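Here is the structure we will look at.
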Amino acid sequence: MTSYEYRCDSDGMLLEVKFRLGTAPESITCERCGGQARRVFSKPMLLSSRRDRVAMLEHAEKTRTDPDVVTSLPSAGARKRTPVLPLTPTLRRLPRP
Ligand SMILES: [Zn+2]
């Protein structure tokens, strides 16, 4: 048996119901009001995860429906140049193209 979560469309109640794996219906009847409760997908184990990982997952989920839109290039100061190694005496001895 696996736990599945359903949220009622009418009153927002969150229901946890157990079904055999792969047999959970898309919607069930709400226990409280009799309305339709649709299956929702929870984020397992996030309460014990690190805060930055949770923020990253929530941002990734948000971009599915509300993507960040860029309308211009970043300013010249914000662009990073390719890092160049300082020419140490050892590097100066290497052959150059
Ligand atoms: Zn309900």
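The values are calculated or read from the model by the stated rules, or taken from the named source; none is laboratory data. If you're wondering where the values come from, they're calculated on a predicted model, not measured in any experiment. Using ideal geometry, Cβ is built from the backbone for each residue, glycine included, and neighbour counts are taken over all protein chains shown.
Among the residues making up region 5-37, those that are within 16 Å of the ligand (Cβ to nearest atom), of a type outside the set (A, V, I, L, M, F, W, C) and not in a loop (DSSP other than H, G, I, E, B) are Glu5, Tyr6, Arg7, Glu16, Ser27, Thr29, Gln36.
Condition test on Ser72, is it in a loop (DSSP other than H, G, I, E, B), among the hydroxyl-bearing types (Ser, Thr, Tyr) and within 16 Å of the ligand (Cβ to nearest atom)? No, not satisfied. Residues that are modelled with pLDDT under 80 and not hydroxyl-bearing (Ser, Thr, Tyr) were ranked within region 55-83; the one that is farthest from Ser27 (Cα to Cα) is Pro83.
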